[in-house]
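*Asks:* Before I ask anything, let me first share the structure, which is written out below as structure tokens.
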Amino acid sequence: MSTSPPDRGCINKLKQWRALATRYDKTATISQATLHLAGIFIRSAR
């Protein structure tokens, strides 16, 4: 399975999530879960 790097539009959309932009989460697990949730919301909005 080949994965391609995310485009700039996707990265800019992820930066709009305050928790991801500021890394406000206390643990790496919560930060990674937030990243996954943001990705799900962005993909479902297409």
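The values are calculated or read from the model by the stated rules, or taken from the named source; none is laboratory data. Computed from a predicted model, the values in this text were never measured in an experiment. Counting neighbours? That spans all protein chains shown, and the Cβs are built from the backbone with ideal geometry, glycine included.
*Asks:* Mind listing just one residue for me: the one in segment 26-46 that is hydroxyl-bearing (S, T, Y) and assigned to a helix (DSSP H, G or I) and, of those, surrounded by the most Cβ atoms within 10 Å (Cβ to Cβ)?
*Replies:* The residue in question is T34.
*Asks:* Based on this model, can you work out whether S2 counts as modelled with pLDDT under 80 and over 13 Å from the mean Cα position of the chain (by Cα)?
*Replies:* Yes, satisfied.
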